[in-house]
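The values are calculated or read from the model by the stated rules, or taken from the named source; none is laboratory data. Every value quoted in this text rests on a predicted model; they were computed, and no experiment measured them. Heads up, the Cβs are rebuilt from the backbone with ideal geometry, glycines too, and the neighbour counts pull from every protein chain shown. Just so you know, the surface numbers come from the protein's heavy atoms only, side chains and all, with ligands and any DNA or RNA stripped out. Shrake-Rupley method; radii C 1.70, N 1.55, O 1.52, S 1.80 Å.
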Amino acid sequence: MNILVTGGAGYIGSHVTLSLLDKGYNVIVLDNFSNSSPKVMNRIKKISEKTLKVIQGDILDSALLATTFKEHSIDAVFHFAGLKSVAESTNQPGRYYQTNVTGTLNLCQAMITARVFNLVFSSSATVYGEKHHMPLRECYETGTATNPYGRSKYIAETILKDLAAATPQLKIAVLRYFNPIGAHPSGLIGENPSGIPNNLLPYIGKVATGQLPELCVHGSDYPTIDGTGVRDYIHVMDLAYGHVKALEALSDRSGVSIWNLGTGKGYSVLEMIEAFEKSSGCTIPFKFGSRRDGDIPASWADISKIQSELQWEPRFSLDQMMSDTWRWLTNNPWGYEQ
Ligand code: NAD
Ligand code: UFG
């Protein structure tokens with residue numbers, strides 16, 4: 001089975017590519033490397049001892065998509081290519097809608113023209129907005145996201161539902177990620193943020209490796225266990241395994257199936273700092289700052305739907321998330337550029 005992975009050089013796409021190769025699928029990666037390094041491909045080949053095809057290109061390039069589908073007998077598409085910074089999306093909303101909405105539509109139109117009907121789509125817990133009780137369930141209302149990034153994922157989900165209603169052959173898995181962290185246990189691939197990271201674990205990593213002086217904890221007065229924000233952190237390999245299970249389930253389904261991908265357990269920022277310090281042996285200097293715009297106090301998933309429908313379970317503990325992150329960071333403090 002041949003699988004096209006858009007954004008396959010990125011953090012999540014690279015780990016899913018490995019899981020797919022491991023399961024014996026043929027993978028074709030399409031990535032413009034705007035937020036990743038082509039060097040990750042050699043690492044994937046090294047770990048998997050398999051080959052894969054890489055196309056440098058953009059999902060906004062409809063002609064390239066048409067050629068890609070014509071030249072390869074593609075059975076399914078995993079769509080990771082997109083922009084993901086909440087803060088950046090507020091300053092550059094047009095760019096975010098162009099890539100995340102127009103790019104997704106372009107891809108789907110090329111798929112339908114080429115009669116490729118299986119799609120696994122990267123969505124986000126951010127589509128739930130902030131009005132709900134925890135844990136978040138797939139049936140909860142969406143569309144109240146607090147920023148353009150979240151709205152771009154909500155609009156993309158809506159487009160997928162409309163396309164599936166009009167094209168009954170389409171089988172689409174929408175996976176709503178909570179907070180992916182960690183790295184492949186080999187220490188050869190991991191998250192490789194450019195510039196100053198926005199997300200918690202990459203920021204802690206830069207402090208631990210001495211590239212940033214201290215962490216700012218955004219808010220200490222939330223109605224949570226210790227006043228700091230609570231999130232559902234999931235090991236990227238558990239996330240990857242969830243994608244493989246979703247693909248396998250699509251053959252018996254039609255239309256759009258939505259699954260949360262989290263662990264069902266929330267941790268506060270202070271608990272995350274403590275867990276990282278324990279695994280790494282480093283001390284993370286931090287100060288308390290004000291709340292970050294657009295942040296919600298807490299977010300964690302109800303995972304009963306994916307557990308019962310896909311027999312998927314998270315397998316990695318918080319300690320493993322931290323030790324795998326630390327192995328990746330100590331082996332590659334400058335990411336792939338060393
Ligand atoms: P990433 O930035 O590491 O990977 C995205 C990849 O897509 C990169 O390799 C980038 O070069 C590529 N890309 C970007 N625009 C492209 C374009 N126009 N054409 C071709 N390639 C393009 O991000 P990630 O963390 O791996 O996220 C993957 C997907 O999951 C994204 O759609 C993101 O919105 C979604 N998501 C991520 C998180 C998270 O916390 N990492 C949470 C929820 C959802
Ligand atoms: N935080 C800090 N200091 C930092 C960075 C983060 O205290 O330097 C706190 C945040 O305030 C929040 C928690 O750490 O309480 C997690 O923040 P992240 O930025 O790591 O993650 P978010 O939950 O804000 O957002 C992430 C992705 C989004 C995605 C969302 C849900 O960035 O793209 O998870 O999947 F939509």
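Structure data summary
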| read-out | value |
| --- | --- |
| Residue satisfying all of: in region 188-211; within 11 Å of ligand 1 (Cβ to nearest atom) and surrounded by fewer than 16 Cβ atoms within 10 Å (Cβ to Cβ); nearest to the chain's Cα centre (by Cα) among these | Asn198 |
| Residue check for Thr99: part of a helix (DSSP H, G or I), within 13 Å of ligand 1 (Cβ to nearest atom) and free of Cβ contacts under 8 Å to residues at least 60 places away in the same chain | yes |
| Some residue of region 128-148 being within 14 Å of ligand 1 (Cβ to nearest atom), among the small types (Gly, Ala, Ser) and either over 27 Å from Lys305 (Cα atoms) or at pLDDT 95 or above (or both) | no |
| Wholly enclosed strands (runs of 3 or more DSSP E) of region 24-89 bearing at least 1 residues more than 11 Å from ligand 1 (Cβ to nearest atom) and surrounded by fewer than 16 Cβ atoms within 10 Å (Cβ to Cβ) | 53-56 |
| Residue match in region 157-174 (condition: under 20 Å from Asp293 (Cβ atoms) and assigned to a loop (DSSP other than H, G, I, E, B)) | no |
| Qualifying position, being away from ligand 2 (no atom under 12 Å from the Cβ), outside any helix (DSSP H, G or I), open to solvent by 50 Å² or more (accessible area, probe 1.4 Å) and within 24 Å of Val16 (Cα to Cα), among Pro185, Pro223 | Pro185 |
| Qualifying residue in region 278-299 (condition: within 27 Å of Gly129 (Cα to Cα), surrounded by 22 or more Cβ atoms within 10 Å (Cβ to Cβ) and within 16 Å of ligand 1 (Cβ to nearest atom)) | yes |
| Ala173 over 18 Å from Gly103 (Cα atoms), modelled with pLDDT of 95 or more and of a type in the set (A, V, I, L, M, F, W, C) | no |
| Pairs with Cβ under 8 Å, 6+ apart, first in region 143-167 and within 17 Å of Leu250 (Cβ to Cβ) and free of Cβ contacts under 8 Å to residues at least 24 places away in the same chain, second open to solvent by less than 30 Å² (accessible area, probe 1.4 Å) and more than 16 Å from ligand 2 (Cβ to nearest atom) | none |
| Region 230-277 - residue that is of a type in the set (S, T, N, Q) and farther than 28 Å from Asp162 by Cβ and, of those, most open to solvent (accessible area, probe 1.4 Å) | Thr263 |
| When residues of region 203-219 are limited to those that are touching a Phe, Trp or Tyr at 6+ places or on another chain (Cβ under 9 Å) and in a helix (DSSP H, G or I), the one nearest to Leu270 (Cα to Cα) | Ile204 |
| Close pairs from region 39-62: first under 23 Å from His184 (Cα atoms), partner surrounded by fewer than 16 Cβ atoms within 10 Å (Cβ to Cβ), Cβ under 6 Å, at least 6 apart | Ile47/Ser186 |
| Complete set of residues in region 291-332 that are basic (Lys, Arg) and either over 16 Å from Leu201 (Cβ atoms) or under 18 Å from the mean Cα position of the chain (by Cα) (or both) | Arg291, Lys305, Arg315 |
| Any hit, region 123-131, residues being open to solvent by less than 40 Å² (accessible area, probe 1.4 Å) and part of a strand (DSSP E or B) | yes |
| Region 279-306 residues that are more than 14 Å from ligand 2 (Cβ to nearest atom), paired with ones that are open to solvent by 50 Å² or more (accessible area, probe 1.4 Å) and in a loop (DSSP other than H, G, I, E, B) (beta carbon under 7 Å, 6 or more apart) | Asp302/Arg137 |
